[in-house]
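The values are calculated or read from the model by the stated rules, or taken from the named source; none is laboratory data. For clarity, every value in this text was computed on a predicted model and none was experimentally measured. Here Cβ is always computed from backbone atoms with ideal geometry, including for glycine, and neighbour counts include all displayed protein chains. When the accessible area is computed, the model is the full protein with side chains, heavy atoms only, and any ligands, DNA or RNA have been set aside. Shrake-Rupley method; radii C 1.70, N 1.55, O 1.52, S 1.80 Å.
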Amino acid sequence: MKRAIFALVCSLLAQSLSAQEYKDFGKDRLNNSPRHAEWVDLKSGDQTIKAFVVYPERKEKTPTVIVIQEIFGVTDWLRSLCDELAENGVIAIAPDFLKGQKFEDADGAVKAVSAVSPEQIKTVLDATSDYALTKIPAGNGTLAACGFCRGGEWAFNYASENPKLKAIYSFYGTALDDPAKIAKIPCPVYGFYGENDARVNATIPKAEELMKSAGKKYEPVIYKGAGHGFMRSGEKANPNFREGDGKARDQAWARWKELLSKL
């Protein structure tokens, strides 16, 4: 039932936005980056999961951040964001939930993401966590996770499933509303939301109440003038750049950099 409701919500959201807003970009940054990037294989039983990893140029070991995709897959934009994270001093690893599929149309993306079960989500994220903590010698043992859109929701939920996480950065994903899950969250959750995103923002107050009652740290920030997906549409390299989202992206990055420096 929840997956069906999610598919309906995403479908309605897709109908409200121009198809051009989903055009991929980011290869220029990747092609010109001095940082090492690679695709790796993650193992979970007899299953192999692909993940994209970018390393910072540092002499010391660094934290690792799991990067959870939006509905469009491990796009060039998502990979370029991994590079941006590495530029700011952390190892970024983005697992591929859609087995190589990438989308520029919302309908195809919604259909593919809706087919990913909660069990599959946990399997992929557990395999990524294990790889980050045991197979990356340059990592210092500190693990965090971020996610965008649907990935922001998955990141918030995964906080309740992995006691090794040190921080969650949820970008415009619906907030967790299960008291039993919230009670298991081991780390702070930092939310990044757009002012013009009432669908998602309506879930914040309950999460604030539940997190506070459970003695957990939840710090949502709503960025003025921004819409859903502002980290993508606010990037100047985006052919469909939006000014209000650009300001929000700059503000969100300033905050995120400070948080990352404290991992």
Find the eigenvalues of the gyration tensor of the Cα atoms of the stretch 108-160, then list the square roots of 5 times those eigenvalues as equivalent ellipsoid semi-axes, largest first, in whole angstrom.
24, 12, 10
Extension length gain for ASP46 and LYS224 (0.36 nm per residue less Cα distance), in nm, is 59.4 nm
Whole number please: convex hull volume per residue, Cα atoms of the stretch 22-73, in Å³.
117
Would you tell me the accessible area of TYR131, worked out with a 1.4 angstrom probe on the heavy atoms of the protein chains, in Å² to the nearest 10?
40
Residues ALA183 and ALA37, FRET efficiency given R0 of 45 Å [Cβ-Cβ distance, rounded to 0.05]:
0.75
Projected-area mean, the chain, by convex hull of Cα positions, square nanometres:
12.8
Probe 1.4 Å, all chains present, heavy atoms only: LEU30 accessible area in Å², nearest 10, is 40
In a GNM of the chain with a 10 Å cut-off on Cα contacts, which of ASP46, ASP177, ASP130 has the highest mean-square fluctuation?
ASP46
Anisotropy class of the stretch 103-228 from Cα gyration tensor, a/c 1.5 cut:
oblate
Between ILE204 and ARG255, what FRET efficiency comes out of the Förster formula 1/(1 + (r/R0)^6) with R0 = 22 Å and r the beta carbon distance, rounded to 0.05?
0.85
Near-label residues of the stretch 26-42 by backbone N, under 12 Å of a point 7 Å along Cα→Cβ of ASP76
26-32
Heavy-atom accessible area of LEU133 with all protein chains present, probe 1.4 Å, nearest 10 Å²?
60
Counting only protein heavy atoms, what percent of the accessible surface of the chain is carbon or sulfur at a 1.4 Å probe?
50
Probe radius 1.4 Å, ligands and nucleic acids left out: which of PHE192, PHE103 has the largest accessible area, and how do the rest follow?
PHE103, PHE192
Percent of alpha carbon pairs in the stretch 174-237 separated by more than 19 Å?
35
Given contacts defined as C-alpha pairs under 8 Å and at least six residues apart, what's the relative contact order of the stretch 52-119, whole-number percent?
40
For the chain, report the accessible area per residue in Å² (1.4 Å probe, heavy atoms, rounded to an integer).
46
